[in-house]
Structures are given as structure tokens and as C-alpha cells.
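In what follows, a structure is listed as C-alpha cells, so that the remarks can point back to it.
The values are calculated or read from the model by the stated rules, or taken from the named source; none is laboratory data. Because the structure is predicted, anything quoted here is derived from the model rather than measured. Quick reminder, even Gly has a Cβ in these numbers, built from the backbone with ideal geometry, and neighbours come from all protein chains shown. The area values use the complete protein model at the heavy-atom level, side chains included, leaving out ligands, DNA and RNA. Shrake-Rupley method; radii C 1.70, N 1.55, O 1.52, S 1.80 Å.
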Amino acid sequence: MTKARTNFSEIPLVDVSGLRSSDPHARMAAVKELDRAARDVGFVYIAGHGIPKETVEGLKQAAKALFALPMETKLDYYIGKSTNHRGYVPQGEEFYGQGGGDLKEAFDTAMDLPADDPDYLAGNRMLGPNVWPEEVATHKAAVDRYYTAALELGKDLLRGFAMGLGLPEDTFVQHVNKPTSQLRLIHYWETDKVTTEEEQAKQKRMGIGAHTDYELFTILLPTAPGLQVLRNDGEWIDAPPVEGTFVINIGDMLENWSNGTYVANSHRVDRVNEERYSFPLFFATDYETVVAPLPELIDDGTETKYGPISAGDHLVAQTIQTFKYLENVELPDGSLETNQFGRFHLEKKAS
Ligand SMILES: O=C(O)CCC(=O)C(=O)O
Ligand SMILES: [Fe+2]
């Protein structure tokens, strides 16, 4: 299988409305374009996604109101108080391979399971109820509505990726029943307004350091420029917001499942010169799904570079290695270190 990726100069844009069409030709046309972008770039803007503007605006407004709360209030919802990774992530909590931590604050939500969910009761680190800040009246409704819509969009995309890889359309989506998909609300400060005593050190830091995402793919909604994507030759390409679109990027699990046909591209957010919010929905499988390269995607006589991975344990392992509040928690058996996919993986193979 050819895995060569082009040295793209910009991120492609695909209208995915055809994925919901009853006309097989329209569907296949959208699949082909999506597949091409996933193979060549690992990043793609999607238009025609079907998520109403009000749903998007509702989420932005709720996030703005949330991050505008006093720090003391936000810390009432500190993620370290949750047993299933929900709540407020202050600046300095999360590290992507850089000294002082990312220049951002975030609020982590995911599928809002009931308090008697058996996985939650059994102590699963990723499954269970959300934390809802009471101070923002619209928060729960806005997050619920966006999460539900994005999850449906994600399933359409996942069927499309399966078809693009020449597989039955439900190959992947059958593993998405109680997924560990998180929706993060992120707030990046305008760098000039960073006025703590560590200011000097902070000026050298990133909004979010270079990484790949841990799940199948991410549906990202950004409000301002800052996102950059790594090209094969080591150049960083800007991926500014395009009105009415989402940015989709392939994650570790789809790289693995597709035997590297799709690549989890490394990305980062530089320091930003205007206030920025972004909302990644990390589209994942069920916790217990074991992901390994599909035999159909391994050429005869070649060996795969990827091993089987528990999708849920991978997410937990990566989270433990990047969140301060989890630093004394033991890693699941067989955990990978951070940055083992995408370009990081290609570089390892080459060396
Ligand atoms: O804020 C962004 O645009 C990207 C965020 C991101 O890469 C992440 O949270 O994984
Ligand atoms: Fe990311």
C-alpha cells in the first residue's frame, strides 16, 4: 500500500453533504474526496455538515460565559475532583512536551451517562456523568445539543472513512455505542494579556504544544487563527477558521485501524494575538474496543508497524501522561508513551 503523502500547501475543503444523500453517486463522490484528504493530509475542512448555526453559536456563548466566571468559581469544578475526567482544566494542568504547560484553560465534557452507569460505578476513568456549572444557565442545554449533533456528524464521517478504505460502511461505526468521545471547551488568552509573574517564560510557550489526537478523528470548531499543521518536510502550515466549516483531523486510532493509510497529523496552537476559543469533539469508539490494523489493509507479505491497542486504555494512558492531577496514577498495561503516531511515528520508522 502506498503511504506517501504529498507536501500539501493548504488544507483541503470538502462538502460532505453527499454523505447523507440517498443517491449512491453523490455519496461516493463525497467519500472519495474525504478519503483523498485523509490519505494525503490527515486534515480537512468540511462544509455541508448539517449542524445548525444556532447550535454552534449556543456553544460559543455558553463557553464564553463559563470562562468569564471568577477563577474561584471555575475551580469549584476542577477536573481533579472528578473520578471520570470531567470539569475545569486550569492553565498549567496539561502539558504537551513543553516546560510550563499550555497557555490555555479548558472545560472537559463527554457523553453524559447516568450516575448509575455500571462502567462509572466500576471506576472507569472516562465514562460517567458530566459536571455542569450551575452559574451558566444555558451551559447544559447548549453543550448537550452540540454534542448530540456532532456525534451524529461523526458517525456519518466514520461511515464515509470506512467506504473510502474500501470496507463495509459499518466496519468502524459498529464500535460506537457508548463512546469515550470528549467535547472540550478551550479558551486561549491573547498573549499580550498574559500578565502573571511568569510572563517571560510564558511568552516562549505555545497555546497547545505539538501532538496528535488520541481517538479516531476530531471535529474541531475554532473561533480564530492559531492552529498549525505539520507537513512532511517539517513546515508548519496555518489552518485558520473557514466560516461555516469544521476542521477534521485523523487521530491515533484511525491511523492504527487503517494501517497508516490515514495519518494522525501532528498539530499545535501557536501563541495567539487575539482571544480564541476552540471546541474539539474527539470522536472515539467504545472504551473496550481493541483497535488493530485491519487485515484487508495490510499488503500481502508485508508486516504492519502497528500493534493492537485498547482504545480506552490508550486514551487513559495519554491523559495520565499529560495531566498533572493524574501524575501518580499507574499507567494501564502496555501503554504507549506520548507522540507515537503521525509524523512522530514516521520519524521513528526512518531512524
Ligand atoms: O484549539 C485548537 O484549534 C486545537 C486544539 C487541539 O488540538 C486539541 O485540543 O487537541
Ligand atoms: Fe489536537
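Express in Å², to the nearest 10, the accessible area of Trp257 obtained by rolling a 1.4 Å probe over the protein heavy atoms while all chains stay in place.
So the heavy atoms of Trp257 present about 10 Å² to solvent.
Name the residues whose placed amide hydrogens come within less than 5 Å of the amide hydrogen of Tyr214, ignoring near sequence neighbours (fewer than 5 apart) on the same chain.
Placed amide hydrogens put Asp252 under 5 Å from Tyr214.
Each residue of the range 288-303 in order: what ³J(HN,Hα) in whole Hz does its phi give by Karplus 6.51 cos²θ - 1.76 cosθ + 1.60, θ = phi - 60°, with x for Gly and Pro?
Couplings: 7, 4, 9, 9, 8, x, 6, x, 4, 9, 9, 5, 3, x, 9, 9 Hz.
Nothing charged except the Cβ atoms of Lys and Arg (+1) and of Asp and Glu (-1): what's the magnitude of the dipole of the chain about its Cα centre? Round to the nearest 20 debye.
Here the chain has a charge dipole of around 500 debye.
Working with all protein chains in place, sort Glu288, Glu33, Glu190, Glu134 by solvent-accessible area computed with a 1.4 Å probe, largest first.
From most exposed to least exposed: Glu134, Glu288, Glu33, Glu190.
Mind listing the phi-derived Karplus ³J(HN,Hα) values for the range 31-48, rounded to whole Hz, using 6.51, -1.76 and 1.60 with θ = phi - 60°, and x for any glycine or proline?
Couplings: 4, 4, 5, 5, 4, 4, 5, 5, 6, 7, 10, x, 10, 7, 7, 10, 10, x Hz.
Evaluate the relative contact order of the chain (contact order divided by residue number), counting alpha-carbon pairs under 8 angstrom at least 6 apart; express in whole percent.
So the answer I get is 19 percent.
Roughly speaking, to the nearest percent, how much of the range 205-351's 1.4 Å accessible area is carbon and sulfur?
Within the range 205-351, the accessible surface is 45 percent carbon and sulfur.
At q = 0.07, 0.13, 0.14, 0.15 Å⁻¹, what is the log10 ratio I(q)/I(0) for the chain, with the Debye formula run over Cα points and no solvent?
Result of the Debye calculation: -0.27, -1.02, -1.21, -1.42.
With runs of 4+ DSSP H residues as the only contributors, calculate the mean residue ellipticity of the chain at 222 nm using -39,500 (n - 2.57) per run, divided by the residue total and rounded to the nearest 500.
Here the helix-only value at 222 nm equals -8500 deg cm²/dmol.
Rolling a 1.4 angstrom probe over the protein chains, ignoring ligands and nucleic acids, what is the accessible area of Asp35 in square angstrom, nearest 10?
Around 20 Å² of this residue is reachable by solvent.
With the other protein chains left in place, how much accessible area per residue, in square angstrom, belongs to the range 13-350 at a 1.4 angstrom probe?
Using a 1.4 Å probe on heavy atoms only, each residue of the range 13-350 averages 42 Å².
Taking amide H atoms as placed 1.01 Å from N in the peptide plane, list the residues 5 or more away in sequence, or in a different chain, whose amide H sits under 5 Å from that of Ala264.
For Ala264, whose amide H was placed from the backbone, the distant partners under 5 Å are Glu255, Gly342.
Which of the pairs Lys104/Lys305; Lys104/Lys324; Lys74/Lys140; Lys53/Lys155 have their Cα atoms more than 26 Å apart in this structure?
Violating the 26 Å Cα-Cα cut-off are Lys104/Lys305.
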